[in-house]
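Q: So that we are looking at the same thing, I have put the structure below in structure tokens.
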Amino acid sequence: MKKIRPGKLLLTIVTSLGLISSLFFPSLAFAYSGYGLGTSHNPYLISSCQQLQEMDQDLAGYYILVSNIDCTGIGFTSIATVSSFSGTLDGQNHTILNLDVVTYGSMIARVNGATIKNINLKGGTSTCVSYCGGMVGDVTDSTLSNLHSSMTVSGGGIYSGGLVGSMRGSTSLSQSSFSGVFSGDAYSAGLVGAMWDAGTSVNDSFVTGTIHTVQSYHAVQSYVGTIVGGFFNGTINNTFSSATLDAGENYYDAGLVGDSQGTINNSFSATTINNQGGYANGLVGIDTSGTYSNNFIDAESNNTTNCGNNSGECTVVNNGNSDPGYFKNNTSNGPFSSWDFNAIWQQTSSYPILRNEADFVDPAAPNNGDANNDGIPDSYQANVANVQASDGTWSTMVVPADSGCVIRVLASIDRSTLPIDTGFTPLTQLDAFTLSCISTGDTFPVTMIFDKVYTNPIMRLYDGTLNAYHSFSSGSQPVFSTVTIGGIAKTKITYNINEGASIGSIGSQENWSGQPRGLSTQVIAPNTGFGVLKNNSAETIAEYVTAAFALLVVAEVIRRYTR
Amino acid sequence: MRVKKYVPYAMIAIGFGLIITGVVVAFTQQKQNEKIIKIASADGVTLPTTKKITESEFQKYTVAASLPRYIFIPSINVKAIVQSVGLTKNNQIDTPNSIYNTGWFNQSSKPGQAGATVIDGHFGTWQTKGIFSGISGLKPGTIVQIQRGDGTKLNYSVVSVKTYPLANVDMNALLNPVNSKIPGLNLITCSGSVNKGTYQYDKRVIVFAQLVK
């Protein structure tokens, strides 16, 4: 029997333990610069472009965006260019501004078994070559939803898309859109470059913007579409395009799908097709082996009455501009009867929009979205938060940017649901907040701004455990001042908070919730007296007259006895 | 001897001088009081009436069952109705409309309930003393009786009497029972001297009492 050396055995044991621990605790080897452990319970919190880049260090982690992110001027290196991203990225309806991908072309190059959702790419650029999409490149067995992009994706790649490059396995894309500028070659499109497998699907999505066809790999055919370029398998349901397609000559380009071999249902093309060559069609560039149900094209905008190269792929409307508003401002024409206008789509005066697009609109905060007046939109700062109370007043909370804390929650609590704070008249509702901090035990100042001036305010805190209010302790009184922001005088309060103990099992991090607090004014003692009790005119005169009379009597007595 | 001769005349002169001084001071005081009335009016303060209610009006006075109707402090001859008062626009506890009535602060506890029942009463005006002018002299153990609208009589025993400068009245003490486990009764009125140029007294006195069985 072969003898095992002790040193080698020890090395084997240590290595095995390390591998096992990395499987269960991958973040042990990853010192994320922000808060979080990368689990669904304690996700990594992304609040900067630099932290977004750090995703490459834990491709299985759970990530959420806690604010909009401004990547302007930062050259972004694609994530997961070698191994695939298999975790979760939830944008929580936040926007990534001006993401310029300088390598590989996709924000996340390879994706396998992941969930990516609720993200808006606003502006930005990428150069795609193949299997590349502005947001995600080559995607397998993953769920993509509520993803939107207005990027400029160039490069003329194949199997590339403005949003998604290539979909495989059981990958699904839903409630998403592309509204930027896309330039692609063979089997490319504004939304998805190529769908390969039967389990792939695109549902309730649309494309606007501009699609350019570029001849690079194929001398004649390009099969460029707006929704999908190379539709080799899978299902497309409830989609539309109102994009502009600059189709080249002799390319099988189309208003919706390039090369169609899958199933297309309940979709329509209102694509404006320019520079049409000999084979540009309204619905599909070439119908290789597709199946179709309840699809439509606007003949006028598509500049053709051909749905595809066969017959029966779709119904042609607005021929000769007979009904230009056919797909606009209604929920019944064309495929709309099969669409969900209650939960997913919303009718407008023009083409329908996805209801989830409204989730990306920044809430109206004071001072045009910069309530703390630091020149940066509050929606792009995870250390600033605004909340509007039920009575319409706003309050703003600011923690120092270098505190290592982000404001996870800032909510307004209606005082009428709580006991009366005896002796105090409320001026504002209560604000409840939760901070996530990368350190513990620190003390730092917090600033709150209320959008009006209050007289003699006092900050009162509500202790839910005791079901009673209290003020700050005598050693940590808040400092009140008046500040003018946007021409409006406001009440500003600064006070210190002390971070609590660690809650993380790894490292020293903290989720810290402060007691709900708001402004009140103290009840004043009554005025139960007026003027001086005595010394009215009559009493004063009587006293002096009495004294004078007494003196006169004494004087008379003295005079008589001194004669 | 010559000095003795002039002493009486000096005293007569002093006497007339005192009379003249007294008249001047009296008129000056009257002018000051009129000024105080003007200041109070400008502040939106309604001066309490000094008209006493009749015994018939006293007996006819009613309130809801659980609210305080009468207050009795036999040791200082207090027998008064209890009106309900809230907050003024300046967030100040309001006062009864007569110097002979008292006011229950309607954000405080009702008699017999947990917490403190807060009742204020006037110390007085420059014309006459108010119903609570004598509460600063109450001794521990003195009984104060509250009769509710439903006829229930509640006896409270004085625990302590404290005086505060107007700028530092302990509102937390006023609005809470002296013993957190026993329903309290806190009485408040003015004391001290009138701040020059104002009509306000510079102190407040609070009587802390608690319910006894």
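Q: Which order do the peptides A:457-467, A:173-183 come out in when sorted by mean C-beta neighbours inside 10 angstrom, highest first?
A: Values: A:457-467: 14.5, A:173-183: 25.9.
Peptide ranking by packing, descending: A:173-183, A:457-467.
Q: Same structure again: Starting with the highest mean, order B:81-92, A:397-408, A:187-198 by the number of other Cβ atoms within 10 Å, averaged over the residues of each peptide.
A: On the way: B:81-92: 16.7, A:397-408: 19.3, A:187-198: 30.0.
Per-residue mean Cβ counts within 10 Å order the peptides as A:187-198, A:397-408, B:81-92.
Q: Something else: Packing-wise, with mean Cβ within 10 Å as the measure, how do A:321-329, A:240-248 rank, highest first? Don't skip to the end; give the middle numbers.
A: Numbers: A:321-329: 14.3, A:240-248: 25.3.
Most protected by this proxy first, the peptides run A:240-248, A:321-329.
Q: How far is helix A:537-561 tilted, in degrees, relative to the longest principal axis of the Cα atoms in chain A, given as a value from 0 to 90 rounded to the nearest 10?
A: With both axes taken from Cα atoms, the answer is about 20 degrees.
Q: Moving on. In this model, which of B:LYS52/B:LYS129; B:LYS52/B:LYS79; B:LYS79/B:LYS129; B:LYS52/B:LYS162; B:LYS89/B:LYS110 are farther than 19 Å apart at the alpha-carbon? Mind showing how you got there, number by number?
A: Numbers: B:LYS52/B:LYS129 12 Å; B:LYS52/B:LYS79 12 Å; B:LYS79/B:LYS129 14 Å; B:LYS52/B:LYS162 29 Å; B:LYS89/B:LYS110 23 Å.
Too far apart for the 19 Å limit: B:LYS52/B:LYS162; B:LYS89/B:LYS110.
Q: Please work out the FRET efficiency for the pair A:ALA401 and A:ASN368, using the Cβ-Cβ distance as r and a Förster radius of 25 Å; give the result to the nearest 0.05. Walk me through the numbers on the way to the answer.
A: Details: r = 20 Å, r/R0 = 0.82.
Working from the Cβ atoms, E equals 0.75.
Q: If you stretched the chain out fully between A:ASP359 and A:GLN57, how much longer would it get, using 0.36 nm times the residue separation minus the C-alpha to C-alpha distance?
A: Working: separation 302, 0.36 × 302 = 108.72 nm, distance 2.94 nm.
Contour length minus Cα-Cα distance gives 105.8 nm.
Q: Report the FRET efficiency, 1/(1 + (r/R0)^6), for B:SER66 and A:ALA542, where r is their Cβ-Cβ distance and R0 is 41 Å, rounded to 0.05.
A: 0.25
Q: Helix A:6-24: angle to the longest alpha-carbon principal axis of chain A, degrees 0 to 90, nearest 10?
A: Rounded to the nearest ten degrees, it is 80.
Q: Angle check, please: helix B:2-42 long axis (alpha carbons) against the longest principal axis of chain B (alpha carbons), in degrees 0 to 90, nearest 10.
A: Relative to chain B, helix B:2-42 is tipped by roughly 40 degrees.
Q: Counting only heavy atoms of the protein chains, get the accessible area per residue of segment A:381-522 (1.4 Å probe) and round it to a whole Å² value.
A: Counting only protein heavy atoms, the per-residue value for segment A:381-522 is 44 Å².
Q: Residues of B:9-17, mean number of Cβ from any other protein chain within 10 Å of their own Cβ, rounded to a whole number?
A: For this peptide, the per-residue mean of nearby foreign Cβ atoms is 5.
Q: Please give the calculated 222 nm ellipticity per residue for chain B, where each DSSP H segment of at least 4 residues contributes -39500 (n - 2.57) and the sum is spread over every residue; nearest 500 deg cm²/dmol? Before the final figure, lay out the partial values.
A: Values: 3 runs with 51 residues, N = 213.
Roughly -8000 deg cm²/dmol at 222 nm, from the helical runs in chain B.
Q: Could I ask something else about it? In whole percent, how big is the carbon plus sulfur part of the accessible area of segment A:381-522, probe 1.4 Å, protein atoms only? Intermediate results must be reported in sequence, preceding the final value.
A: On the way: 3170 of 6220 Å².
Whole-percent figure for carbon plus sulfur exposure: 51.
Q: Sticking with this structure for a sec: Rounded to the nearest 500, what is the 222 nm mean residue ellipticity of chain A from helices alone, with -39500 (n - 2.57) per DSSP H run of 4+ residues and division by all residues? Don't jump to the answer; show the numbers that get you there.
A: Working: 5 runs with 57 residues, N = 563.
The helix-only estimate for chain A comes to -3000 deg cm²/dmol at 222 nm.
Q: Let me check I've understood the local charge: for A:GLN261, count other residues with C-beta under 15 angstrom from its C-beta, Lys and Arg +1, Asp and Glu -1. What total comes out?
A: -3
Q: Got a number for the accessible area of B:PHE16? Probe 1.4 Å, square angstrom, nearest 10.
A: It works out to around 120 Å².
Q: Select from segment B:67-113 all residues whose loss of accessible area on going from the chain by itself to the full protein assembly reaches 40 Å² or more (probe 1.4 Å).
A: Output list: B:ASN91, B:GLN92, B:GLN107.
Q: Roughly how crowded by other chains is peptide B:167-174, in terms of the mean Cβ count from those chains within 10 Å of each of its Cβ atoms?
A: Working: counts 1, 1, 4, 1, 7, 5, 1, 4.
Partner-chain Cβ atoms within 10 Å, mean over residues of B:167-174: 3.
Q: Just the accessible area per residue of segment B:55-212, please: how many Å² with a 1.4 Å probe?
A: That works out to 42 Å² for each residue.
Q: Further, regarding this structure: Using a simple spin-label model with points 7 Å from Cα along the Cα→Cβ vector, what separation in nm is obtained for A:THR393 and A:ASP323?
A: 5.6
Q: Okay, next question. With solvent modelled as a 1.4 Å probe, how much accessible area in total do chains A and B shield from it at their shared surface, in Å² to the nearest 100?
A: Details: alone 25130 and 12620 Å², together 34080 Å².
So the total buried area for this chain pair works out to about 3700 Å².
Q: Something else now. When the Cα centres of segment A:411-457 and segment B:119-153 are compared, how far apart do they sit, in Å?
A: After rounding, the separation between the Cα centres reads 39 Å.
Q: If you don't mind, there's one more thing I want to ask. Please report, as a whole percent, how much of the solvent-accessible surface of segment B:55-212 comes from carbon and sulfur atoms (probe radius 1.4 Å).
A: Working: 3120 of 6640 Å².
Reported share for carbon and sulfur atoms: 47 percent.
Q: Now, a different point. Counting only other chains, what is the mean number of Cβ atoms within 10 angstrom of the Cβ of each residue in peptide B:124-137? Mind showing how you got there, number by number?
A: Values: counts 7, 6, 10, 4, 2, 2, 4, 1, 2, 3, 0, 0, 0, 0.
Counting other chains' Cβ atoms within 10 Å and averaging over B:124-137 gives 3.
The values are calculated or read from the model by the stated rules, or taken from the named source; none is laboratory data. Quantities reported herein were computed from a predicted structural model and do not represent experimental measurements. Note that each Cβ is placed from the backbone with ideal geometry, even for glycine, and that neighbours are counted across all protein chains shown. Each accessible area value is taken on the protein alone, full model and side chains, heavy atoms only, with ligands, DNA and RNA left out. Shrake-Rupley method; radii C 1.70, N 1.55, O 1.52, S 1.80 Å.
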